[in-house]
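Nothing in this text is a laboratory measurement; each read-out follows from the coordinates by a stated rule. In this text the structure is predicted, and so the values were computed from the model without any measurement. Here the Cβ is made from the backbone with ideal geometry for all residues, glycine too, and neighbour counts use every protein chain on show.
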Amino acid sequence: MFEAPRGTRDFPPWEMNKRRYVEEKIRDTFKIYGYREIQTPTFEHLQVFTLKSGDAIIDEIYSFKDKGGRDLALRPELTAPVVRFYVEKLQMEPKPLKLFYIGNCFRYDRPQKGRYREFTQAGCELIGVDTPEAIAELIALAYNLLRNIGLKNINLHIGNLTILSFLFRKLRISEGDKKEVIPLIDKEKFDELYIFMQNVGLSADEIEWFLDILKTDDISRIPISDEIEEEIERLREIFRFLKDIYSIDCKMKLSIVRGLDYYKDLVFEIEAPILGAEKQLCGGGIYELIPLFGGRETPSVGFAIGFDRAILAAESEGYKFPTVYIDYYIIPVTHSLLSESIKIAQILRNRGLLVDVDLMRRGIGKALKYAASINAKHAIFVGPDEYEKDAVTIRDMFTGEQKLISIEGLKNL
Ligand code: AMP
């Protein structure tokens with residue numbers, strides 16, 4: 001016997017119903033905000049991913065050589081592939097370019113609840129614009145996507161790497177030390193951060209000043225300086241748009257770093273506290289990747305939502321996904337009426353209704369039980385007495401109520 005590989009999942013019909021429902025909600029929301037869907041290959045040249053993150057990322061991804069000896073990788077995320085696609089074929093498209101995707105990703109992660117080796121991301125890239133209104137719209141989109149799939153309790157945090165770098169400069173933290181400091185900030189290990197900063201010679205006052213700013217959500221606590229004045233004003237404007245126009249509650253959180261080599265300026269995250277350890281649902285920000293892929297420098301910003309986690313979070317909050325019903329289940333009462341029953345099924349199917357017909361020559365009782373198990377709204381009995389009068393019996397599967405209807409009448413159901 002075989003099992004699905006570690007960290008992968010099979011999805012039975014009732015799970016697929018949920019996934020397709022959520023996918024459609026996500027698609028609709030992207031479209032409402034003017035985004036257009038794209039698709040890129042499931043595997044790329046390995047370099048598409050190492051270019052940004054270096055060879056260290058190879059440990060975290062599924063990479064392989066194909067029969068032609070090419071180094072390839074199953075995509076661990078979609079921003080790099082989309083940027084590769086943009087530089088290759090879409091650079092001349094009118095701006096802003098609003099692209100979205102829903103696709104499976106692969107990471108050699110340690111599997112646990114909410115963390116898989118194959119999972120789905122839904123995300124977008126906004127290319128050619130980084131005005132405060134563009135960024136606010138993008139963040140509002142991420143937030144509303146999650147709200148539209150039924151999530152109630154989500155928190156949006158906005159960070160800023162330009163401001164963080166300014167604070168590092170003020171504290172004279174070296175490039176080498178930054179590499180140690182950033183993961184501690186990212187994981188909010190403030191005690192360890194304190195000790196590290198002490199060891200590199202910072203005073204208790206300096207460290208506390210820094211930690212206070214990292215922990216505050218109050219923009220006015222950031223020290224005033226010409227170097228970051230413009231950035232702070234931009235951040236204020238984005239907050240204003242989000243709060244006053246989009247009515248979204250958001251908080252500044254400078255401890256969001258998301259890897260300094262990839263993102264710049266603004267970064268943001270949305271989390272669902274109900275998920276506990278793996279609570280991060282969405283991450284995004286302004287990034288600099290296009291020139292790295294050989295394209296002309298263009299502002300770009302995007303985000304990715306963890307599709308699987310979003311479903312988990314909605315369910316944990318008690319959200320009930322709509323049941324998928326079939327419209328009619330057709331039961332030939334005698335074997336002699338099988339062909340007529342199939343004909344009736346085809347009449348209804350041609351009208352786009354969801355129809356199934358008994359294929360197992362079962363008795364009425366068993367056929368009805370099966371009809372209930374596949375969520376049929378109605379059963380249609382094709383019986384000899386009624387059929388002789390060009391009629392069939394329709395049963396409402398919820399109330400049990402039955403009525404006679406002419407075959408001609410079926411065409412107008
Ligand atoms: P990232 O590209 O790492 O910023 O991830 C974006 C989102 O994808 C995260 O916020 C998670 O919700 C989701 N995600 C990342 N890795 C996994 C994984 N191994 N399994 C399921 N979801 C994941």
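Structure notes:
- In Hz, Karplus ³J(HN,Hα) per residue of the stretch 287-297 (6.51, -1.76, 1.60; θ = phi - 60°; x = Gly, Pro): 10, 10, 9, 4, x, 4, 8, x, x, 6, 4
- For the chain, a Kirkwood radius taken over Cα pairs fed into Stokes-Einstein (25 °C, viscosity 0.890 mPa s) yields D = 98 µm²/s.
- Cβ-Cβ FRET estimate between LEU413 and SER373, R0 fixed at 22 Å, reported to 0.05: 0.45
- Efficiency of FRET between GLU288 and LYS170 - r from beta-carbon atoms, R0 25 angstrom, step 0.05: 0.60
- Evaluating 6.51 cos²θ - 1.76 cosθ + 1.60 at θ = phi - 60° for every residue in the stretch 352-366, the Karplus couplings come out as x, 7, 8, 10, 10, 10, 5, 9, 10, 6, 8, x, 4, x, 5 Hz, glycine and proline recorded as x.
- The stretch 16-134: C-alpha gyration tensor shape, a/c 1.5 cut-off, then a/b vs b/c: oblate
- Summarising the strand pairing of the chain, around 80 percent of its internal DSSP beta bridges are antiparallel.
- Reciprocal of mean inverse Cα separation for the stretch 207-348 (Kirkwood radius, Å): 20.3
- Most mobile of PHE168, PHE307, PHE49 in a GNM of the chain (Cα contacts under 10 Å): PHE168
- Calculated FRET efficiency, ARG236 to ASN144, Cβ-Cβ distance, R0 = 22 Å: about 0.50 to the nearest 0.05.
- For the stretch 292-413, the fraction of alpha-carbon pairs in successive 10 Å shells from zero, as %: 12, 34, 19, 11, 11, 7, 6, 1
- Two-site label geometry, ASP10 and ASP226: point separation in nm, points 7 Å out along Cα→Cβ: 6.7
- Computed [θ] at 222 nm, deg cm²/dmol, the chain (DSSP H ≥ 4; -39,500 (n - 2.57); rounded to nearest 500): -11000 deg cm²/dmol
- Highest-fluctuation residue, LEU292, LEU167, LEU337 considered, GNM on the chain with Cα pairs under 10 Å: LEU337
- For the stretch 160-166, the Karplus equation 6.51 cos²θ - 1.76 cosθ + 1.60, evaluated at θ = phi - 60°, returns couplings of 8, 6, 5, 5, 4, 4, 4 Hz by residue, with Gly and Pro reported as x.
- Here the spin labels are modelled as points 7 Å beyond Cα on the Cα-Cβ line, and at PHE398 and GLU297 they lie 6.1 nm apart.
- Springs join every pair of Cα atoms under 10 Å in this Gaussian network model of the chain, and among ARG84, ARG236, ARG221 the largest mean-square fluctuation is at ARG221.
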